[in-house]
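Heads up, the thing below is written out as structure tokens.
The values are calculated or read from the model by the stated rules, or taken from the named source; none is laboratory data. All of these numbers come straight from a predicted model, not from anything done at the bench. Counting neighbours? That spans all protein chains shown, and the Cβs are built from the backbone with ideal geometry, glycine included.
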Amino acid sequence: MLLRRTPRYTHDLAVAACSLATIAVTALGCARSHPTSGLAATLTFKVLVYNVHAGKDASGKDNVQRVADVVRDVDADVVLLQEVDKGTKRSGGVDQPAEYASRTGYQVAFGRSLDYDGGEYGIAVLSRWPIRRDSAIHLPVDPPQERSGGSHEPRIAMFAIIAAPFGALTLFNTHIDASGDDRWRLQEIRTIEQLAQSAVRAGATRVLFGGDFNSTPESAVQVQLRASGFRDAWQTCGSGEGLSYPADSARKRIDYLFLIAGIECTAARVVNTQASDHRPVLFTLRLANERTP
């Protein structure tokens, strides 16, 4: 188990895009490897998208062990986690990223969204394979969105490059605004679109973007993402509506994985568990235009 802490996020998009291009080119060179004799078996892999509700289920009971059990039970290779606490008072000072890594045997990288309740709050990536580089990038909105009590919750996108057996896998994870008005999410996805485009321009050949987008398929947010070339994995390989929230009586599809480059989806399912307030969504993927003999 290896715990990586993502540096504090970059605020300026131009700087972020430049940094991302530099990181991507460097890490792609590090992560490329010659295929092993077992490559055919690794052409298919699994990604789980899971909002874990800061270590509690919908009734407020601790869920870290149950989340780890879900990850192992579905045999995910990579997990995109949202709502992760690190050392907060409300979570008893628990370093949840480290706990997830310890209880699954995976590597982890944590992206801090904000300081909260004596600790940190953000998103994370778990990976069966080495995480070579990671970074957290601020998703700006104007004016800054004020919440109850005058506080602000900044949103981020987390970038990671994973050294998979088939080569470099570039991942983005995010958790965007949850308010009823799309105005904030539409601003946040502008940065998300530019980040994905920057990764492809930098030479990344296998790119995924996932997370809790707090928007249903017919929303302006999802319409805009699809128009910009984000391929909704569920629409290509899922069966049914893909409803994932709330966990006890799922009525909304707000948890997504997008295929940006070099990856196609062969199957997708919503995992029926109430370990969190969301149900996790599992995607089985393969390298585009490749088939296992």
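When you check ILE137 against the structure, is it farther than 29 Å from SER249 by Cα, crowded, with 16+ Cβ neighbours inside 10 Å and not polar (S, T, N, Q), yes or no? Against the criterion (farther than 29 Å from SER249 by Cα, crowded, with 16+ Cβ neighbours inside 10 Å and not polar (S, T, N, Q)), ILE137 qualifies.
With respect to the conditions (1) of a type in the set (S, T, N, Q); (2) buried (at least 24 other Cβ atoms within 10 Å of the Cβ); (3) assigned to a helix (DSSP H, G or I), SER215 falls short on a single one, namely (3).
Scan the stretch 204-223 for residues that are touching a Gly at 6+ places or on another chain (Cβ under 9 Å) and more than 23 Å from TYR50 (Cβ to Cβ) and the total you get is 2.
Set side by side, the residues ARG185, ARG286 differ, and just one is outside any loop (DSSP other than H, G, I, E, B) and surrounded by 22 or more Cβ atoms within 10 Å (Cβ to Cβ), which is ARG185.
Among the residues of the stretch 54-100, those that are within 14 Å of the chain's Cα centre (by Cα) and either surrounded by fewer than 19 Cβ atoms within 10 Å (Cβ to Cβ) or under 17 Å from LEU114 (Cβ atoms) (or both) comprise LEU81, GLN82, GLU83, VAL84, PRO97. Listed by position, the strands (runs of 3 or more DSSP E) inside the stretch 101-156 whose residues that are farther than 23 Å from ARG190 by Cα, modelled with pLDDT under 95 and within 19 Å of the chain's Cα centre (by Cα) number at least 2 form an empty set.
With respect to (1) without any contact (Cβ under 8 Å) to a residue 60 or more places away in the chain; (2) of a type outside the set (A, V, I, L, M); (3) part of a strand (DSSP E or B), the lone exception for GLY210 is condition (1).
Here's the yes/no breakdown for (1) touching a residue at least 60 places away in the same chain (Cβ under 8 Å); (2) in a helix (DSSP H, G or I):
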| site | (1), (2) |
| --- | --- |
| GLU193 | no, yes |
| ALA196 | yes, yes |
| GLY203 | yes, no |
| LEU225 | no, yes |
| ALA268 | no, no |
| SER276 | yes, no |
| LEU282 | yes, no |
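Inside the stretch 218-261, can you point out the residues that are of a type outside the set (A, V, I, L, M), within 17 Å of LEU81 (Cα to Cα) and buried (at least 16 other Cβ atoms within 10 Å of the Cβ)? Correct list: SER244, TYR245, ARG253, ASP255, TYR256, PHE258.
Each residue in the stretch 222-259 was checked for being under 21 Å from ALA199 (Cβ atoms) and of a type in the set (Phe, Trp, Tyr), and 3 pass.
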